[in-house]
Amino acid sequence: MNDVSTLGQTGSAVQADRTSTGKEHFEVLDGLRGSAAILIVIFHVFNYSFGWDTPLSLMHHAYLAVDFFFGLSGFVVAYAYDDRWNRMSTLQFFRIRLIRLHPLVLVGATFGLLGYLLDPFGKGINQTSTPMLLLAYVTSLLLLPSPPVGGRQNESQALNGPAWSLMQEYLGNIAYALILRRLRALTLGIIFGVSGLLLIWVANMKGSMDGGWGYPDIWMAPLRLTVSFVMGLWLYRMQGRIRRPKIGLLVLSIFLVVIFQAPKFPNAAGLSFNGLYDASCVLFLFPLIILCGAHSDAGAGMMRLCKFSGRLSYPLYITHIPFVYIIANFAQTRHPTKSVLLTWIFLLLPFVIGLAWLVLKYFDEPVRAWLTRRYGIKPAAA
């Protein structure tokens with residue numbers, strides 16, 4: 001999902017991309033971003049449709065994909081921009097990131113509004129006054145916390161729930177440009193360590209790290225961002241001092257599946273082992289996966305998949321949830337058999353992937369290219 005210029009190709013072989021400044025591109029990390037996005041879709045559609053504690057509740061810990069995304073973002077932002085500040089202003093950085101991220105925010109908000117209004121199974125659920133719905137749409141366009149709407153009273157991004165993490169992504173980029181880029185690796189490591197200890201305490205107290213997206217625990221959002229985004233920055237600064245095993249996309253994607261599909265763990269001896277598991281994944285397993293992915297070669301056979309998966313990840317993540325709500329409302333109002341509901345779910349998965357690709361090809365990439373030409377900004381690697 002990065003802006004890159006493609007090297008020449010020999011025959012039919014797919015060459016690795018490079019950034020606009022000639023740096024090698026992290027193809028495996030892009031592939032992992034796509035793997036995590038697909039697992040998030042599976043997590044949402046199965047759990048929203050079948051319930052959160054049923055035999056068909058899948059990917060119990062896939063909410064941790066957000067923390068994985070934050071860590072990836074910190075690592076790649078540092079890689080792309082740490083050495084560019086002598087020829088780039090803070091305002092230029094903000095423009096680059098806004099062009100990279102915000103066109104799809106607008107698409108996600110619009111899909112969310114249309115899905116809410118046109119949901120054939122939303123009668124009696126999607127009930128909100130027109131002024132409140134318009135306010136929710138405007139705040140979604142601006143990535144501001146939205147007012148509650150019928151059926152989604154607790155969500156801070158009521159029309160497009162996953163956008164809550166994009167708001168945090170913006171905050172992380174602002175913090176990087178103003179403060180974090182100036183800090184030494186040691187200072188970043190201290191911030192990561194201290195915030196990580198707080199995260200362990202919160203995860204144990206709450207019982208999981210599934211929080212920050214809704215108003216009751218919105219305070220968790222900046223904590224999750226701080227831990228993982230700073231971890232990514234710190235990993236990039238420290239990578240030369242850490243031994244880095246090389247593991248390919250397939251094995252690392254399987255690791256993510258195993259992490260997300262782990263069962264919910266019980267409480268014992270006054271401890272929440274479920275929450276401690278979540279914190280351990282964020283603090284130990286995700287850094288290891290990022291380091292392994294950053295220093296692994298995709299290989300000729302997996303290069304196309306990595307590039308496709310990486311480009312697809314952001315549009316898939318930001319556009320899928322309105323269709324998940326429609327399936328969930330169908331399950332709630334029509335009470336279909338398990339086989340019927342599974343059929344609709346298995347039809348939904350290729351549909352949202354195909355739609356995300358169309359949005360990428362015919363809206364996001366052309367709009368970003370036009371904005372880049374319009375403002376004379378060279379694309380970057382993140």
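Nothing in this text is a laboratory measurement; each read-out follows from the coordinates by a stated rule. These numbers come from a predicted model, not from an experiment. Cβ atoms come from the backbone with ideal geometry, glycine included; neighbour counts cover every protein chain shown.
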Next on the checklist: Pairs on different chains or at least eight residues apart, Cα atoms closer than 27 Å: how many lysine pairs in the chain fit?
Outcome noted: 11
Checklist entry - Considering only the other residues whose Cβ falls under 13 Å of the Cβ of TRP234, what net charge follows from Lys and Arg at +1 and Asp and Glu at -1? => result +3
Checklist entry - Kirkwood Rh over Cα pairs of the range 115-248 into Stokes-Einstein at 20 °C, 1.002 mPa s: D in µm²/s? => result 125
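Once the convex hull of the C-alpha atoms of the range 13-122 is built, how many Å³ does it hold per residue, rounded to a whole number?
With only Cα atoms used, the range 13-122 gives 161 Å³ per residue.
Take the Cβ-Cβ distance between LEU342 and ASN86 as r, set R0 to 51 Å, and report the resulting FRET efficiency rounded to the nearest 0.05.
0.40
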Item to check | Estimated D of the chain in µm² per second, where Rh is the Kirkwood radius over Cα pairs and Stokes-Einstein applies at 4 °C, 1.567 mPa s | outcome: 60
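When N counts the residues of the range 195-259, how does its alpha-carbon radius of gyration compare numerically with 2.2 N^0.38 Å, as a ratio?
1.40
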Item to check | Whole-Å distance, taken between Cα centres, linking the range 119-178 and the range 42-76 | outcome: 19
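Kindly provide the Kirkwood hydrodynamic radius of the range 267-382 in Å, to one decimal, from all pairs of distinct alpha carbon atoms.
18.4 Å is the Kirkwood radius here.
Take peptides 94-103, 365-374, 36-45 and line them up by average Cβ neighbours within 10 Å, highest first, as a rough protection proxy. Walk me through the numbers before you get to the answer.
Details: 94-103: 19.2, 365-374: 13.9, 36-45: 22.8.
The most tightly packed comes first, giving 36-45, 94-103, 365-374.
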Checklist outcome for this item: Residue separation between ALA369 and ARG182 times 0.36 nm, minus their alpha-carbon distance, gives in nm 64.3 nm
Checklist outcome for this item: If unit charges are put on Cβ atoms (+1 for Lys and Arg, -1 for Asp and Glu) and the dipole of the chain is taken about its Cα centre, the option from GLY212, TYR362, LEU283 lying farthest towards the positive end turns out to be TYR362
Item to check | For the chain, calculated [θ]222 nm from helices alone, where every DSSP H run of n ≥ 4 adds -39500 (n - 2.57) | outcome: -20500 deg cm²/dmol
Checklist entry - Based on the Kirkwood radius over alpha-carbon pairs, what is the Stokes-Einstein translational diffusion coefficient of the range 88-164 at 37 °C with 0.692 mPa s viscosity, in µm²/s? => result 249
Checklist outcome for this item: Least to most buried among VAL202, VAL251, VAL282, by other C-beta atoms within 10 Å and fewest first, runs VAL251, VAL202, VAL282
